[in-house]
1. In terms of modelled amide H atoms, which long-range or inter-chain residues lie less than 5 Å from the amide H of residue 670?
2. Under 22 Å Cα to Cα from residue 266, which lysines show up? Leave out anything in the same chain fewer than 8 places away.
3. Choose one of 241, 199, 215: the residue whose Cα lies farthest towards the positive end of the charge dipole of the stretch 191-276 (beta-carbon charges +1 Lys, Arg; -1 Asp, Glu; about the Cα centre).
4. Compute the distance in nm between two label points, each set 7 Å from the Cα along the Cα-to-Cβ direction, one at residue 625 and one at residue 559.
5. I'd like the Kirkwood hydrodynamic radius of the stretch 644-684, using the inverse of the mean 1/r over distinct C-alpha pairs, in Å.
6. For a quick check of understanding: with a 1.4 angstrom probe and all protein chains in place, what accessible area in square angstrom does residue 442 have, to the nearest ten?
7. Taking 0.36 nm per residue of separation and subtracting the Cα-Cα distance, what length does fully extending residue 481 through residue 96 add?
8. Kirkwood Rh, the stretch 619-661, all Cα pairs: how many Å?
Amino acid sequence: MDSSRSKMRLLSLGALFLSTSSALPNGLYSRQVDDAPEYTALGCFVDTGSRVLPSKVISTHDMTAEKCAVNCRGYDYFGTQWSSECYCGSNKPTDAAPASECNMPCSGNPDETCGAGMRLNVYEFDQACDSDTEEPPVVISGFEYKGCYTDNVPQRVLGGITVAQHDMTLEKCAATCTAGGYAFFGVEYGTECFCGTSLDAASTKVPEGECSMTCMGNHSQQCGGPNRLNIYEKPNPVGAGSNLESVGDFHYASCWTDKVDDRSLKAVDWRTDDMTVEKCADRCSEFSYFGLEYSRECYCGNELIGQAAPEQDCAMLCVGAPGQWCGGPDRMNLYTKATSTSVTTSAEVTTPVETETDTPTITLEPETTTAPTEPETTTSDIPVSTTELPSSTESSTTTTQGPELTTITDCPPTPTYNGNPEYCYASGGLPTACRQLASTTLNSRSVGPSMSACKSALTRYGMPTNPAATACFPTTALPAVPSSALARSVADSVYACLHAPTASVICQSDSACATNTYTVGQVPSPTPSTGVDLLKGDGGFEDGTLGDWVLGSSTHLVSTTISNARPKSGSRGLLMRYLNVNGGGNSLTYNLLVVPGQQYRFSLSFQHTNPSSATSLYLYVYPDILQTSFTEAQLNGAPANAWGTRQITFTAKASWVQLVLNVGGNVAATNDVYIDDITFVRLT
């Protein structure tokens, strides 16, 4: 470490004859916090909107460098800004600023400077003196804790199965990955679990402070962070997966690329929850190639496009045989018959031809469909994990035309929503007012109001008017107090009608295998997979507009603008300003289609400027009628000028959702609420 820089040391009572508030040279001060680690001042540096020290941000009314140092223990660098803010990070800031630009006194010590607007007083930890300060990891039976590691999107550093649960714990993730035969598990973002047989070399170990999110199912445990994993490994794994050297008439070739909108093998698409290599080989016995993908998918074909991929990309184990590899996301373990001789990596599709040898030769050069005049020698560039392929083969002088149609069979493990009707409720998920019609407590006086409330509920929260559902309700008004028998009869009739397929209110599900034939190249794209943000960027406001968000009318209470003042990521975010009114608020809404019965997470990041304003930030999900709790919504418990998060995780009860975020208050005060990185992600 540079000896010209002054180091912060714990001063004895008589050292330098300084009091605990006395200034040291260059704006450094004696330590006042007993457990503060040792650190070195680096000077004043320029900050950016994306933050040069982006982790574990806090803001407090008594900020000092020592308090910030305690907060950032485990990182390499920390910095103070705007009198009361503290930032942590593992990368050294590079854009130095004149010392005079860091001129704001610390809120906890007016004789010490704590940066300024977009200026940081930056410090570096003396790591050698602080190596024993990390908290011991939670012990999980059968696993050893390896540390906090970086993840990578979309090619995850643990390539096995992935699950997300609103009540995630380390034990649940460990059990999931153990059952699947994996040696590693990692937890991320509070709710996510990843499994793998190995940890990708691209993942790097980072300070424990970057895995700062607690597990949603056990707040005493750490469950990673954004793009950060707490990694655990079995100390003596029994062995990872393997590829079969041969199965039937097929031989293993390579890990191979695939695309959901342009399959490398197009003839048959078959999926099952007990997939094995042998089952896929049997299903594809009449074809030249087969491939296994994403643990449970099997593809067949006589024509193959794509290219070889690193073997480590095929890291998911077969759900029916944990000792076998079954591809990965957009990757398949490819098997080929002895009579297949050609593969193309271009858009041109080459048809296999007959050969005189029992072993395939695969070339990565696009081939023509005309027969060669002399025997050609080709060399395989595809890594093969079993035996070396021969260097040449003789081709015949004839070729065949591949099929023009492709057949896809999909067998859902459980009854699955088939998309009809487009706006509908899951069975048992009707609005409360409609379910009340079947209640045994319904009486003669309440049947009329209950039917009116049910009829109204079926057109709320973005659900279009449904004439078939409206026809379920009587057109003639009931008596003010109908007989009990009449009330029960009418209520039962309406309730039964709403559940009939003709009413188009209840979502329809299929459980049988579906087989469809399509023209090659015109196979419809699948529903977006888990982990995809369904807002498609509308939650970042980077184009300077609200996109598909609809703004409420109470703009005189809360103004709403797109701002570049404090984006959490990118260059823009949302600013909702509470306008010094004694009560009121305004909302933004967003409607989109979902799959009933599946789990989703609605989340956002926020910061605000005035904790004393009694402002609230609520998230709502309709028609499920979910919202953040009253306590969580109150911003007076959140520090000023520091990013926080709000989220709702839920299982959809209908085929659509209406997302709502609302800023409001109940005292005469102003507060700027900055919102960014709004996401809506399917978890299952």
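The values are calculated or read from the model by the stated rules, or taken from the named source; none is laboratory data. On a predicted model such as this, the values are computed, not experimentally measured, just so you know. A quick note on method: Cβ atoms are made from the backbone with ideal geometry, for glycine too, and the neighbour counts reach across all protein chains shown. Side chains included, ligands, DNA and RNA excluded: accessible areas come from the protein's heavy atoms. Shrake-Rupley method; radii C 1.70, N 1.55, O 1.52, S 1.80 Å.
1. Residues meeting the amide H criterion: 580.
2. The reachable lysines, counting only those whose Cα sits under 22 Å from residue 266, are 279, 337.
3. 215
4. 3.7
5. When all Cα pairs of the stretch 644-684 are included, the Kirkwood radius is 13.6 Å.
6. 30
7. 130.6 nm
8. One decimal place: 11.8 Å for the Kirkwood radius.
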